[in-house]
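Let me begin by presenting the structure, written as structure tokens, before commenting on it.
The values are calculated or read from the model by the stated rules, or taken from the named source; none is laboratory data. It should be emphasised that the depicted structure is a prediction, and the values quoted were computed from it without experimental measurement. Cβ placement follows ideal geometry from the backbone for every residue including glycine, while neighbour counts extend to all protein chains displayed. Accessible surface is based on the protein model in full, side chains and every heavy atom, while ligands, DNA and RNA are left aside. Shrake-Rupley method; radii C 1.70, N 1.55, O 1.52, S 1.80 Å.
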Amino acid sequence: MAAGYLEILRARHAARLLTGTLVGRLPNATAAIALVLFVRAEGGTYGLAGALAAVYGVANAVGQPVLGRLVDLHGQPRVQLPAAVLSALAMAVFAFSGTDPLLLACAAVAAAGLFTPPLEGGLRALWPSVLRREEQVHTAYAMDAVAQEVMFTVGPLLVTLCVSLWSERAALLVLNAVGVLGALSVVLSPPSRAWRSAPRDAHWLGALRSPGLLVLLGAFLFVGIALGSITVASVPYADEHGGDAVYGWLMAALGLGALIGGTVYGARAWSGAPERRLRVLVALLAVCYLPLMLMPGAAAMVLLSLVSGVFLAPCIACAFIIVDRHAPSGTVTEAFSWLVTTFTVGASVGTGLAGPVVQAGGPLWGYAVPGAAGAVSLLVLLATGRVLAAPARSGVVAASSENDPNRAAEPRFSSGDRA
């Protein structure tokens, strides 16, 4: 299992790109908890903290596809680094001005979210130019999904470490400064500087003119709803079975399950069309959410939470392949950014939906939401099977089409050609 991942990391520039991207995304991964802690330290309410975190999330969801399209048009260094600097400066304005005046605080937080660089989509656009075999790119997508779970686990720990060593304000400033350094490491790398998007047809819809991509985004909206609803449904369960410590274990088990599932999934080569494989993975994901409704004791519930997360990272890794197959020529970064945005919006909707459900029916009905959302996601994929099975682009694509400004011919695999 480790051999496949080591082969990826030994490829020239691969470790630097993966590490730089993860470090560059730290401000985004830690924004919610850092904002909440800072607002509370400033004497604000949890309501205000939640509202500012929501402002950041909405702005981030809007900014990712917009910046992704700019990356496709103008290249990574011209967009990623200025965006990272502007985002960090906006968060610095918020850190020094605080929550008063409120209008300035909202504007600064919104700007920080809006200008968050699309490093995630940018990395996935770079993998084919760094790794020359298709199976390596697929493994890299899985490794990317696993690395996200690690980042979202380590990120909050780094926030609390900065707070304990310095202050809540310092946590905001340090993590955003580190994020700029991560983005700088990526855009100064030869693959990022050399990468060019494939020729594209001008269209105001950009990547969204692909029917297959729209189907995938619709399905993953409900996967995001499932994940977001679990985080809320677990709160009243934990209150009845041990409090915050139990809640922490439940969330850690969910992330650990995704990490294990993604690691195992990426360790082997999969045959067959990824569109069919995704339907199987989403079905398994939905089925594994259902046992949460049993709500056994804390120890058993932690185990069920681990199982419920096993197929999340494989679903995401498989979706990366499908995005690459269906994204119209010249829109790959934008397409990946739309997936990030859709998943984020879905998680926010799931959080908002689960609250009233839990309030009305308790944690049992709260845990019914992720299973139902997973089932709807599967229905979307089943009902639109013909659309999703027809990639928008196919045939052999030169490696240079995405990374060689001279467009020199060089045969390689095309993820739209076989999978």
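Taking every DSSP helix (H) stretch of at least 4 residues in the chain, weighting each as -39,500 (n - 2.57) and dividing the sum by the residue count yields a mean residue ellipticity at 222 nm of -26000 deg cm²/dmol. Between V93 and D239, full extension at 0.36 nm per residue minus the direct alpha carbon distance yields a gain of 48.9 nm. Each peptide in 194-200, 332-338 was scored by the mean count of other Cβ atoms within 10 Å over its residues; highest first, the order is 332-338, 194-200. About its Cα centre, the stretch 197-286 has a charge dipole of approximately 600 debye under the convention of +1 per Lys or Arg Cβ and -1 per Asp or Glu Cβ, with nothing else charged. The shape of the stretch 141-259 comes out oblate: with a ≥ b ≥ c from the C-alpha gyration tensor, a/c is at least 1.5 while a/b does not beat b/c. Ranked by the mean number of other Cβ atoms within 10 Å of their residues, highest first, the peptides 92-104, 122-134, 358-370 come out as 122-134, 358-370, 92-104. Our estimate of slack between L364 and S167, defined as 0.36 nm per intervening residue step minus the Cα-Cα distance, is 67.1 nm. Computed packing ranks the peptides 11-20, 258-267 as 258-267, 11-20, most packed first, by mean other Cβ atoms within 10 Å. Annotation: per residue accessible area for the chain equals 40 Å², rounded to a whole number [probe 1.4 Å, protein chains only]. Once Lys and Arg get +1 and Asp and Glu get -1 on their Cβ, which of G206, H241, G224 lies farthest toward the positive end of the dipole of the stretch 186-259? The listed residue farthest towards the positive side: G206. Mind checking which helices in the chain clear 24 Å along their axis (Cα) and have mean Kyte-Doolittle hydropathy of 1.0 or more, DSSP H runs only? Those that clear 24 Å and a mean of 1.0 are 76-97, 168-187, 211-240, 244-266, 363-383.
One decimal place: the segment L303-L205 gains 30.9 nm when fully extended, by the rule 0.36 nm per residue minus the C-alpha distance. Around V163, with a cut-off of 12 angstrom between Cβ atoms, what is the net charge of the other residues, counting Lys and Arg +1 and Asp and Glu -1? Net of charged neighbours comes to +1.
On the chain, 70 percent of the accessible area sits on carbon and sulfur atoms, based on a 1.4 Å probe. Calculated from the structure at hand, Rg/Rh (Cα atoms, Kirkwood Rh) is found among [x] 0.96; [y] 1.00; [z] 1.04 as [x]. Build a GNM of the chain with springs between Cα atoms under 10 Å apart, and of E135, E168, E240 the one that fluctuates most is E240.
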